[in-house]
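Data block below; observations after.
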Amino acid sequence: MAARGTDEARWLARLKLPSVAALYLHLPFCARKCAYCDFSSWATKPKDPLMEDYVDALRKHLSEAEAAGLLSGCETVYVGGGTPSFVGAPLARLVQDVRSLLPQVSEVSCEANPDSLSDELLGRLLDAGCTRLSVGVQSLFDAELTELGRIHSANQAQQRLGAAVEAGFDVSADLMCAIPLQTDESWRASLEGVIGCGVGHVSVYPLQIEDETPLGERYRSSEPDFNDPEVQARRMELARDLLTSAGFRRYEVASYAREGKDCRHNQAYWTARPYLGLGTGASSMLTREGYGALRKVCPQLPEPDDGTRRVRLTCIDRRHELAAARSLADLHFDLEFLSEVQAAAEDLMLGMRLVCGVEPGLVDHARTVLGESAVDETLAWCVAQGLVAHKGPRWVPTDRGWLLGNILYGRMWDLAS
């Protein structure tokens with residue numbers, strides 16, 4: 001086996017962390033299901049008691065995970081959905097519990113929609129210790145919002161973004177391109193509109209038309225021109241140019257931030273830092289050591305085989321079942337056990353989503369695990385295709401690699417075979 005250098009030793013230490021670096025909490029409740037959404041979420045009546053019961057169960061599961069030692073190194077927390085802001089006051093109580101149990105956490109993010117982000121809730125979340133809001137805007141044109149099944153207006157979105165910024169949160173706006181009725185001009189105007197609200201972070205995504213959604217049903221037998229790959233690429237390039245000129249820096253394939261406003265939580269997903277997801281449909285990525293800690297409170301989980309280096313889990317209990325679960329031991333999971341070879345290939349694939357690219361410790365580790373010639377030949381092929389550039393000690397995706405991400409990520413994952 002090749003000698004392991006200092007950079008590789010640091011990477012190996014990351015792959016054996018007993019605690020997670022990031023925690024995700026899933027609240028699956030919405031006022032209405034959007035036309036494009038295939039997430040684990042359900043339309044729910046306002047003030048439905050199920051929401052409070054669910055959050056109470058989640059708070060118990062959070063305490064169990066902390067008692068098992070899984071959260072001692074946790075640095076960031078993200079509450080997603082669904083629409084967490086739709087839940088109201090119980091969301092603030094959940095954030096308070098996070099702050100009480102995990103005082104070391106430096107970033108607490110909550111997703112919100114403009115229609116449920118009241119001044120009262122802004123105050124409650126700020127007092128509870130939430131530091132960051134990710135607001136689902138998607139568009140600043142009412143006709144486009146209607147096509148997507150959104151229930152807020154463009155004016156309401158801008159007003160609520162401004163209120164969140166004024167309240168003192170770090171605010172991110174989510175926008176979606178290649179959507180029905182959108183033009184290059186309306187896309188530019190939406191981008192300029194959220195920038196004008198003073199946000200420090202913008203995430204931009206092309207619409208993905210999923211089969212089991214109203215949009216998927218509508219376009220089952222056709223490939224709509226508005227969602228053509230060339231349209232997606234043009235809109236993403238337009239976003240890059242406009243946001244960059246406005247002082248934002250792209251740090252991940254779909255994320256732009258002003259200086260110091262990166263979402264630290266999301267970066268954990270791309271840099272092999274283990275994370276725990278609690279809630280229906282929530283996913284976790286644990287080291288073998290972290291999985292062992294989880295099994296102390298989840299005896300229903302099977303023991304991994306000798307070759308397992310990483311474990312991916314997804315909670316498959318639905319919202320009513322999770323709300324009734326007295327402990328983590330009552331839950332059910334889909335499991336995937338990854339070998340050291342698969343984990344190394346996965347880390348290369350995920351690292352290529354970042355503008356800063358893949359760090360030398362990971363490449364050294366991959367050469368040891370996957371074979372030096374296999375890794376070097378793959379990287380050389382990606383350079384020859386214009387997908388990757390070697391800059392200093394790092395291998396970084398180019399603009400072409402960013403636009404042809406599926407090819408680049410596929411080449412990295414193929415190393416696992």
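Structural remarks
Residues are listed down the side, and each one gets a yes or a no for (1) in contact with a Phe, Trp or Tyr (Cβ under 7 Å, 6 or more places away or on another chain); (2) under 22 Å from Arg250 (Cβ atoms); (3) not assigned by TED's automatic domain parsing to the domain that holds Glu230:
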| position | (1), (2), (3) |
| --- | --- |
| Gly357 | yes, yes, yes |
| Gly361 | yes, no, yes |
| Val369 | no, no, yes |
| Asp376 | no, no, yes |
| Ala384 | no, no, yes |
| Asp399 | no, yes, yes |
| Leu403 | no, yes, yes |
| Leu408 | no, yes, yes |
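- Residue satisfying condition, being of a type outside the set (Val, Ile, Thr) and within 16 Å of the chain's Cα centre (by Cα), within set Asn227, Asn266: Asn266
- The set of residues from segment 133-179 being in contact with a Lys or Arg (Cβ under 8 Å, 6 or more places away or on another chain), under 21 Å from Asp228 (Cβ atoms) and not hydroxyl-bearing (Ser, Thr, Tyr) comprises Gln138, Cys177, Ala178.
- For segment 257-292, filtering for residues that are within 13 Å of Arg14 (Cβ to Cβ), modelled with pLDDT of 95 or more and assigned to a loop (DSSP other than H, G, I, E, B) leaves 1.
- Hits in segment 149-178 (condition: buried (at least 19 other Cβ atoms within 10 Å of the Cβ), in contact (Cβ under 8 Å) with a residue 60 or more places away in the chain and more than 20 Å from the chain's Cα centre (by Cα)): Arg150
- Within segment 294-335, tally of residues that are assigned to a loop (DSSP other than H, G, I, E, B) and either surrounded by 12 or more Cβ atoms within 10 Å (Cβ to Cβ) or free of Cβ contacts under 8 Å to residues at least 60 places away in the same chain (or both): 19
Table: residues versus (1) over 28 Å from Tyr291 (Cβ atoms); (2) touching a Leu at 6+ places or on another chain (Cβ under 8 Å).
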site	(1), (2)
Trp11	no, yes
Leu17	no, no
Cys34	yes, yes
Phe39	no, no
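The values are calculated or read from the model by the stated rules, or taken from the named source; none is laboratory data. A quick note: this is a predicted structure, and the numbers were derived from the prediction, not measured. Don't worry about glycine lacking a Cβ; one is built from the backbone with ideal geometry, like all the others, and counts go over all protein chains shown.
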